[in-house]
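K.L.:
Sharing a structure here in structure tokens format.
The values are calculated or read from the model by the stated rules, or taken from the named source; none is laboratory data. This is a predicted model, so every value here is computed, not measured. Every residue, glycine as well, gets a Cβ built from its backbone with ideal geometry; the counts of neighbours run over all protein chains shown. Keep in mind that these areas ignore ligands, DNA and RNA; they rest on the heavy atoms of the full protein, side chains included. Shrake-Rupley method; radii C 1.70, N 1.55, O 1.52, S 1.80 Å.
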Amino acid sequence: FDRVEFNFDLDESGKFNEIEFESFKSKILNEVTENNYINLMVVLNTISSCKELYEFLKEKLSEQCDVDPEKSLDEDGICIFPDTDLINLSTNILPSFRLKRINRIKDGKKRKIVITTQLIEAGVDISVDVIYRDMAPLDCIIQSAGRCNRNNEKRKGKIYVVLLKDKNERKFCSYIYDPQLI
């Protein structure tokens, strides 16, 4: 049961640091490019933030690899780069395509970067090295963590819990969860 290490982005008083989503996108891009050996998952609370981060990474990684972002998509909707598969999962994707993408995450040999909503929390048997999870109720954070180093196959996995806010200063978790649950 000691498969993962939890990291909470807290200030000196123990309160969560609020992170602007634009800054977070750059942070994830840096994580992807600097640690090119890890399988990474980002679990976000809204479909729109999930889609926005995915499109941002697709554009930036395409520029770095000097490929046309639209020509890098395969028949399953996965963005293919030389050493990395960039995968978007959310409930606005048809279930048949979600299943294909989940199977590719499990079976593929290349590094995976998965940008998803909380749909990943239940019934999805995949494993990654590092997870960034936007603030959620504790049971949701624990469910997301279950996708990190799932089979204890590698060194200890890392979970980073962050508190993201949009350009209007509203926390993304407030769009989905009751404040009492948070």
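K.L.:
May I ask you to list the residues in region 76-119 that are among the polar types (S, T, N, Q), within 19 Å of Thr46 (Cα to Cα) and either surrounded by 15 or more Cβ atoms within 10 Å (Cβ to Cβ) or touching a strand residue (DSSP E or B) at 6+ places or on another chain (Cβ under 8 Å) (or both)?
P.N.:
Asn88, Ser90, Thr91, Thr116, Thr117, Gln118 - these are the residues of region 76-119 that are among the polar types (S, T, N, Q), within 19 Å of Thr46 (Cα to Cα) and either surrounded by 15 or more Cβ atoms within 10 Å (Cβ to Cβ) or touching a strand residue (DSSP E or B) at 6+ places or on another chain (Cβ under 8 Å) (or both).
K.L.:
Quick check: is even one residue across region 157-167 surrounded by fewer than 20 Cβ atoms within 10 Å (Cβ to Cβ), assigned to a loop (DSSP other than H, G, I, E, B) and without any contact (Cβ under 8 Å) to a residue 60 or more places away in the chain?
P.N.:
no
K.L.:
While we're here: Can you say whether Ser174 is closer than 16 Å to Thr46 by Cα and either touching a His at 6+ places or on another chain (Cβ under 6 Å) or among the small types (Gly, Ala, Ser) (or both), as far as the supplied structure shows?
P.N.:
Details: closer than 16 Å to Thr46 by Cα: yes; either touching a His at 6+ places or on another chain (Cβ under 6 Å) or among the small types (Gly, Ala, Ser) (or both): yes.
So Ser174 passes the test.
K.L.:
If you go through region 53-75 one residue at a time, do you hit one that is closer than 23 Å to Ile120 by Cα, surrounded by 15 or more Cβ atoms within 10 Å (Cβ to Cβ), in contact with a Pro (Cβ under 7 Å, 6 or more places away or on another chain) and of a type outside the set (Gly, Ala, Ser)?
P.N.:
yes
K.L.:
Does Leu181 meet the test of being at pLDDT 95 or above, more than 16 Å from Thr116 (Cβ to Cβ) and either surrounded by 12 or more Cβ atoms within 10 Å (Cβ to Cβ) or of a type outside the set (A, V, I, L, M) (or both)?
P.N.:
no
K.L.:
Checking Ile131 against (1) assigned to a strand (DSSP E or B); (2) open to solvent by 50 Å² or more (accessible area, probe 1.4 Å), only one condition comes out false. Which one?
P.N.:
(2)
K.L.:
Which of the residues that make up region 66-84 are more than 13 Å from Arg111 (Cα to Cα) and under 18 Å from the mean Cα position of the chain (by Cα)?
P.N.:
Within region 66-84, Gly77 is the sole residue that qualifies.
K.L.:
Shifting gears a bit: Spot the failing condition for Ala122; the list is (1) over 18 Å from Lys15 (Cβ atoms); (2) of a type in the set (A, V, I, L, M, F, W, C); (3) crowded, with 19+ Cβ neighbours inside 10 Å, and only one is missed.
P.N.:
(3)
K.L.:
What residue, among those in region 142-156 that are free of Cβ contacts under 8 Å to residues at least 60 places away in the same chain and not basic (Lys, Arg), is least open to solvent (accessible area, probe 1.4 Å)?
P.N.:
Among those that are free of Cβ contacts under 8 Å to residues at least 60 places away in the same chain and not basic (Lys, Arg), it is Gly146.
K.L.:
Taking Ser144 as the residue in question, decide whether it is touching a Lys or Arg at 6+ places or on another chain (Cβ under 9 Å), part of a helix (DSSP H, G or I) and farther than 17 Å from Lys25 by Cβ.
P.N.:
yes
K.L.:
Could you list, in sequence order, all residues of region 46-67 that are outside any helix (DSSP H, G or I), over 17 Å from Asp85 (Cβ atoms) and either touching a Lys or Arg at 6+ places or on another chain (Cβ under 9 Å) or free of Cβ contacts under 8 Å to residues at least 24 places away in the same chain (or both)?
P.N.:
Asp66
K.L.:
Would you point out the residue of region 12-36, among those that are part of a loop (DSSP other than H, G, I, E, B) and open to solvent by 60 Å² or more (accessible area, probe 1.4 Å), that is farthest from Arg111 (Cα to Cα)?
P.N.:
Result: Ser13.
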